Amino acid sequence: MTELTEVSGVGPAAAKKLHEVFITSAELLAVQNVDDLHAKTGLGEGICANIVRSARELQGMFTFRSALEIEKEINSKPRLKSGIEALDKALLGGLMVGSIVEFYGKSSGGKSQACCHYAVRSLLPLEDGGLEGEVIWLDSEKSFSPRILRANAKRWGLDPDVALGSIRSVAIVTTHHLEQLFERIPKLCVEENIKVVVIDSLTGFFRAEYSGLSSLAPRQQRINAFLNQMRRVAMATDVTFLYTNQAVSKPGLFAVANAPVGGHVVAHASDYRFMSSEGAKGKRRLILKDNAGLPNFEVNMSIGWGGFYNDEREKKKTESDIKEYLENQGISTEVPEPPSEEVIVEAEG
């Protein structure tokens, strides 16, 4: 990352004000909205416009470039692999770093499991399909499970204690709390080698706090602002964002089951949009619903202690060792039957 003082027009006083609002590098300055920057820092509008423009010129990324140059840059970046052969092949090698990845579906579909799977995989070395970084997990559904992460770490040959020490979680209590904490995320990504940020779930508190049709417009505006900030941070830092999204059933003449919450605002925000659902017993189905550069596809995987597996044979071969390890740690691997699910009916804009 590039120091702020290397940006033309940013002196010690301006750098101090930028640091106070968690803008700590030229890359982060380059993706700022000038009006927002003026409001947050108190710097003059002209100064904000000049330093943002200078930061963009310094980075050289936010100007016209040839498709060949962009292709070379994309191909030079690592990919986050799942370790699931069919999935990584369909993704042309894995998830592109700096992407926004959505997993939506009804309860028990495997959304949080997918985030756990990728979060632990990101801790692996680059040559093993990881990102050699750390993870932040923003937990708004009390879904954060150290024992699941521990099992996944054991599965992929990591020291489980070291892996858990590399994943930090915060319990989210309101949308304001989520937004407030997210202001600090860019600084952490720059300074502390954060490579993946998980938000589980993105829309839960927005739905709870903005209920009814009269609140739909302000809710969508607030979600849109949050996702726009996420997009800019991803562009500046190459951090990959994984978020889960709830699903609803839309009533009406053309009823839609398991529609993702958030309407078009959320639909246009993600680079990868996956629907995760239960298949046969012990199976999960991951369907790519949208990506600008890939055809839609469907992958069926086995699920167990250690995350997703290519098939039942691989699961049977590997899971017993993981369960033995967990039992030795005093962690029960007996999974109770899930409760029955109720269908939520909601109008979406």
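Mind putting a number on the dipole of region 4-59 about its Cα centre? Charges go on the C-beta only, +1 for Lys and Arg and -1 for Asp and Glu, and I need it in Debye to the nearest 20.
Values: 5 positive and 7 negative charges, 20 e Å.
Dipole magnitude for region 4-59 comes out near 100 debye.
Under a Cβ-only charge scheme (Lys and Arg +1, Asp and Glu -1), can you give me the dipole magnitude of region 185-288 about the Cα centre, in debye to the nearest 20?
Value, rounded to 20: 340 debye.
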Seminar exercise, completed: If amide H atoms are modeled at 1.01 Å from N in the peptide plane, then the residues at a separation of 5 or more from residue 258, or on another chain, having amide H under 5 Å from its own are 248, 249, 250
Seminar exercise, completed: Final fewest-first order of 321, 271, 200 on the 10 Å Cβ neighbour count is 321, 271, 200
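For Cα pairs less than 8 Å apart in space and 6+ apart in sequence, what is the mean separation divided by the residue count of the chain, i.e. the relative contact order in percent? Write down the numbers at each step before the final one.
Details: 600 pairs, mean separation 66.2, N = 349.
Taking the mean separation of contacting Cα pairs over the length of the chain, I get 19 percent.
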Problem set entry | Cα radius of gyration and Dmax for region 4-59 (Å) | 9.4, 24
Exercise. Where the centroid of each part is defined by its Cα atoms, how far is region 56-110 from region 183-254 in Å?
Worked result: 18 Å
Problem set entry | Out-of-range pairs (alpha-carbon distance over 18 Å; input 89/315; 106/283; 106/323; 142/316) | 89/315; 106/323; 142/316
Seminar exercise, completed: Using alpha-carbon coordinates alone, the radius of gyration and Dmax of region 109-238 in Å work out to 15.7, 51
For this session: Would you mind telling me which residue in 102, 71, 298 has the biggest mean-square fluctuation in a Gaussian network model of the chain, where springs connect alpha carbons within a distance under 10 angstrom?
Result: 71
For this session: State log₁₀ I(q)/I(0) for region 186-283 at q = 0.15 Å⁻¹ as given by the Debye formula over alpha-carbon point scatterers of equal weight, solvent excluded.
Result: -0.72
Exercise. Say each of residue 174 and residue 209 gets a label point 7 Å from the Cα, pointing the same way as Cα to Cβ; how far apart are those two points in nm?
Worked result: 0.6 nm
For this session: Using a Gaussian network model of the chain whose springs link C-alpha atoms within less than 10 Å, name the residue from 119, 292, 49 with the highest mean-square fluctuation.
Result: 292
Exercise. Which one of 99, 190, 247 has its Cα pushed farthest toward the positive end of the charge dipole of the chain, where Lys and Arg give +1 and Asp and Glu give -1 at the Cβ?
Worked result: 247
Seminar exercise, completed: In a Gaussian network model of the chain with springs linking alpha carbons closer than 10 Å, the residue among 146, 260, 295 that fluctuates most is 295
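What is the magnitude of the charge dipole of the chain about its Cα centre, with +1 placed on the Cβ of each Lys and Arg, -1 on the Cβ of each Asp and Glu, and no other charges, expressed in debye to the nearest 20? Each step should come with its number before you reach the end.
Values: 40 positive and 46 negative charges, 88 e Å.
In total the dipole reaches around 420 debye.
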Seminar exercise, completed: Listed with the fewest Cβ neighbours within 10 Å leading, 325, 243 appear as 325, 243
Exercise. How far, in degrees from 0 to 90, does helix 45-59 lean away from the longest principal axis of the Cα atoms of the chain, to the nearest 10?
Worked result: 60 degrees
Problem set entry | Kirkwood Rh, angstrom, the chain [1 / mean 1/r, Cα pairs] | 21.5 Å
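No value in this document is a laboratory result; all are computed from the given coordinates. Model, not experiment: these values are computed from the prediction. Backbone-built Cβ (ideal geometry, glycine too); neighbour counts: all protein chains shown.
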